[in-house]
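Asker: Mind having a look at this structure? Questions to follow.
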Amino acid sequence: MRQEELREEILKLKEGRNAAILAHNYQRTEIQLLADYIGDSLDLARYSAKVDAELILLAGVNFMAETAALLNPDKTVLIPDPAAECPMAAQLPARVVREAREKHPDAAVVLYVNTLAEAKAEADVICTSANAPLIVDALDEEEVLFGPDKNLAWFVQRRTDKAIIPLPEDGCCYVHRMFAPADIALLKEKYPDAEVLVHPECDPEVQQLADHICSTSQMLLRARASPAKRFIIGTEVGMVERLRRENPGKEFIPALETAICQQMKKHTLEKVYLSLRDRKHVVTVSPNIAGRARAAIERMLEISGRATRD
Ligand code: 13P
Ligand code: SF4
């Protein structure tokens, strides 16, 4: 089927099945353009918790679809390609969290949303790149086991007086590790008027060169609000496409054209169509862990919702 036909079929299926399509900022443009909602991990979790639809198709990686499934036990959540698995999420098995808790009995456990449900079930609370320092500071404990991204842990440590213990020691995202400080420095020299926005999954040396360190949706807010006309963007290139599309008067320069998350790009229009047509692939979470994992996510939503209201 041609892309235009696929689009039309998807729109028909969406209506016929009372489905909502939620897409992450890194998704292919053609999927973003069909989505009811596009956002970062926090936006997708929040939106999925209140969406009025029987079926949710989540175009993102596995942990995002699991989060939507956990928050919607009465709805069916589909992922177009179940092989869209974030490698960072696989870096922190539940066993490692349990062992760390035994070694640090007084520490709270704050896990990045980029984890599997089995690890989330061992956490006190979840955080995303948009709210990590806020979540850590909302806890009573002075010591915090934090994982799996050591760069996000570094980012949080610079913004809190609490002791952050990275878990594991070297968790990271292979896409955000690609950005080199020398490349950003060169771009800054070439475009001295540009604002530099990078994701907290980037290495500390890259973060130190940035004007703002933001989640993907925070980049969008900053680009809209900033008086700057030019931006250097240190995150996956799907975000650069959205920034360009929604800010036609401004220029967005990717810090690295090849920063592509292969797992995010597994979803295609054809797979979205097949997923809606055949009601596949249904995302499920084992009932043994679902209750605890959901409680850790809901605690995050409660803390960050409270902060927005204050
Ligand atoms: P955001 O929540 O900032 O969109 O980040 C998700 C992610 O996987 C970044 O690599
Ligand atoms: Fe996972 Fe990195 Fe891809 Fe984000 S960009 S989904 S952290 S591999």
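Only the coordinates and a few stated rules stand behind these numbers; no lab work does. Computed from a predicted structure; not experimentally measured. With ideal geometry, Cβ positions are generated from the backbone for all residues, glycine too; neighbour counts draw on all protein chains shown.
Asker: Do the sum for the chain: with -39,500 (n - 2.57) for every DSSP H run of n ≥ 4, divided by all residues, what is the mean residue ellipticity at 222 nm, to the nearest 500 deg cm²/dmol?
Answerer: Values: 14 runs with 133 residues, N = 310.
Dividing the helical sum by the residues of the chain leaves -12500 deg cm²/dmol.
Asker: Positive end of the dipole of region 1-154, charges at C-beta (+1 Lys, Arg; -1 Asp, Glu), about the Cα centre: which of Ile31, Ala108, Ala130 has its Cα farthest in that direction?
Answerer: In region 1-154, that residue is Ile31.
Asker: Output the antiparallel fraction of DSSP beta bridges having both residues in the chain, as a percent to the nearest 5. Before the final figure, lay out the partial values.
Answerer: Numbers: 1 of 33 bridges.
Beta bridges within the chain, antiparallel portion: roughly 5 percent.
Asker: Would you mind calculating the relative contact order of region 231-279 from Cα pairs under 8 angstrom and at least 6 residues apart, reporting the percent as a whole number? Write down the numbers at each step before the final one.
Answerer: Values: 36 pairs, mean separation 18.6, N = 49.
That works out to 38 percent.
Asker: Let me ask something else about it. Stretched out fully, how many nm does the piece from Leu11 to Ala90 gain, at 0.36 nm a residue minus the Cα gap?
Answerer: Values: separation 79, 0.36 × 79 = 28.44 nm, distance 3.35 nm.
That pair, Leu11 and Ala90, stretches by 25.1 nm at full extension.
Asker: For a quick check: with amide H placed at 1.01 Å from N, whose amide H comes under 5 Å from Thr76's, ignoring anything fewer than 5 positions away on the same chain?
Answerer: Hits under the 5 Å cutoff: Ile56.
Asker: How far apart, in nanometres, would the label points at Arg2 and Asp211 be if each is projected 7 angstrom from Cα along the Cα-to-Cβ direction?
Answerer: 4.3 nm
Asker: Next question. Could you derive backbone 3J(HN,Hα) for region 129-140 from the dihedral phi with the Karplus parameters 6.51, -1.76 and 1.60 (θ = phi - 60°), listing whole Hz in sequence and x where the residue is Gly or Pro?
Answerer: Residue by residue, region 129-140 yields 5, 7, 9, 4, x, 4, 5, 4, 6, 7, 8, 7 Hz.
Asker: Roughly how big is the chain's charge dipole about its Cα centre, with Cβ charges of +1 (Lys, Arg) and -1 (Asp, Glu), in debye to the nearest 20?
Answerer: Working: 40 positive and 48 negative charges, 150 e Å.
In total the dipole reaches around 720 debye.
Asker: Quick check on my link table: of Lys120/Lys280; Lys250/Lys280; Lys120/Lys162; Lys14/Lys265; Lys162/Lys265, which ones sit more than 28 Å apart, alpha carbon to alpha carbon? Spell out each step's value before the answer.
Answerer: Values: Lys120/Lys280 24 Å; Lys250/Lys280 39 Å; Lys120/Lys162 21 Å; Lys14/Lys265 21 Å; Lys162/Lys265 37 Å.
Too far apart for the 28 Å limit: Lys250/Lys280; Lys162/Lys265.
Asker: Please say if region 250-310 is rounded, prolate or oblate, where rounded means a/c under 1.5 for a ≥ b ≥ c the square roots of the C-alpha gyration tensor eigenvalues, and otherwise the choice is prolate for a/b larger than b/c and oblate otherwise?
Answerer: Numbers: a/c = 2.39, a/b = 1.15, b/c = 2.08.
In terms of gyration-tensor shape, oblate.
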